[in-house]
Amino acid sequence: MSSEQTTQNGGTLGGYIRTLRYARGLTQAQLVERLGGVVGVEQPQISQIEADRYHPFAGQLELILRALEASEADARAIRAICAREYRR
């Protein structure tokens, strides 16, 4: 993901996840299917994450990143966003 895309999504966890999902051509339901129910996250939670109203637990986030086939650079950026948001 380019820095321009990061700026466009506001630099939030939800915006970044949504941008990655769009880049993969996935709906929220398709992302949930990729997760396979392993993390107990359903479509409403994905919607809440993308709206920045719910922050997934670390394990959930890692599985979401894997399901989105996030690059290591994207994963690092998302972890940094989470760290910044948790410090608030």
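Quick notes on this one:
- Residue that is nearest to A70 (Cα to Cα) [pool: residues in segment 28-47 that are open to solvent by 70 Å² or more (accessible area, probe 1.4 Å) and either free of Cβ contacts under 8 Å to residues at least 24 places away in the same chain or not in a loop (DSSP other than H, G, I, E, B) (or both)]: R34
- Those residues of segment 52-81 which are touching a helix residue (DSSP H, G or I) at 6+ places or on another chain (Cβ under 6 Å), over 16 Å from R24 (Cα atoms), of a type outside the set (D, E, K, R) and touching a residue at least 24 places away in the same chain (Cβ under 8 Å), in sequence order: I78, I81
- Single condition H55 does not satisfy, out of (1) open to solvent by 40 Å² or more (accessible area, probe 1.4 Å); (2) of a type outside the set (S, T, Y); (3) part of a helix (DSSP H, G or I): (3)
- Filtered residues of segment 66-78 (kept if over 12 Å from G14 (Cα atoms) and in a helix (DSSP H, G or I)): R66, A67, E72, A73, D74, A75, R76, A77
The values are calculated or read from the model by the stated rules, or taken from the named source; none is laboratory data. Here the structure is a predicted model, which means the values were calculated and not measured. Reconstructed Cβ throughout: ideal geometry from the backbone, glycine too, with neighbour counts over all protein chains shown. Heavy atoms of the whole protein, side chains included, go into the accessibility calculation; ligands, DNA and RNA do not. Shrake-Rupley method; radii C 1.70, N 1.55, O 1.52, S 1.80 Å.
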